Amino acid sequence: MIVVITAVAGVLAAVVVTAAGIILAAAAAQTGWGQALTVAGSVDHARLALGSVLLPVVFSLLAVFGAVGFRSVAGGVLTPLAFLLGSMLAGWLPTSLASVLQPLLPLAAVHSLSGVAEVDGTEYIGELPALVLLVLWVAGAAFLAVWRLRRQDF
């Protein structure tokens, strides 16, 4: 249910932001709607919209699995925050170390899928490896949550 709610909210947010962006771009550039719609319909924009929808879905799943795995709401809140903080801290490391750590984190995978990660940057891992990495993170978190849940006495 959480996946559905966050996916719907993400799609609605992407549609609203895209519509507002088209209006602002057409007004600021003083061009017609046709040119603004052409830019908004480009492959790069579609990838960015996909990443904008994918990020809250993945991190909400990690939050739910974190809450179950750690058996606390605090664990659910802190799990995605730890991944975000880890991505930020890894970006502050020297390039040689950041290029090893950042691509292993889920935020780098979302950025690679959405086209935000620069091809020569430390986060970029390509589209297929990014998709595989996201599946592994979510499946691993789900496995940990199920394992912890089964160990609990009722």
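Scoring SER112 on the criteria (1) part of a helix (DSSP H, G or I); (2) free of Cβ contacts under 8 Å to residues at least 24 places away in the same chain; (3) surrounded by fewer than 22 Cβ atoms within 10 Å (Cβ to Cβ) leaves a single failure, condition (3).
Here the condition is being more than 19 Å from GLY10 (Cα to Cα) and part of a helix (DSSP H, G or I); of LEU107, LEU133, it holds for LEU133 alone. Of the residues LEU97, LEU149, LEU78, LEU144, the single one that is modelled with pLDDT of 95 or more, open to solvent by 70 Å² or more (accessible area, probe 1.4 Å) and over 12 Å from the mean Cα position of the chain (by Cα) is LEU78.
Within region 18-36, being loosely packed, with under 13 Cβ neighbours inside 10 Å and closer than 20 Å to VAL53 by Cβ holds for ALA19, ALA20. Considering each residue of region 32-53 in turn, at least one proves to be in contact with a Gly (Cβ under 6 Å, 6 or more places away or on another chain), under 21 Å from ALA63 (Cα atoms) and modelled with pLDDT of 75 or more.
Tallying residues that are over 15 Å from LEU101 (Cα atoms) and open to solvent by 70 Å² or more (accessible area, probe 1.4 Å) within region 130-140 yields 4.
The values are calculated or read from the model by the stated rules, or taken from the named source; none is laboratory data. Because the structure is a prediction, the values reported are computed rather than measured. Glycine also receives a Cβ, built like all others from the backbone with ideal geometry; neighbour counts cover every protein chain displayed. In case anyone asks, the SASA skips ligands and DNA or RNA and just uses the protein heavy atoms, side chains included. Shrake-Rupley method; radii C 1.70, N 1.55, O 1.52, S 1.80 Å.
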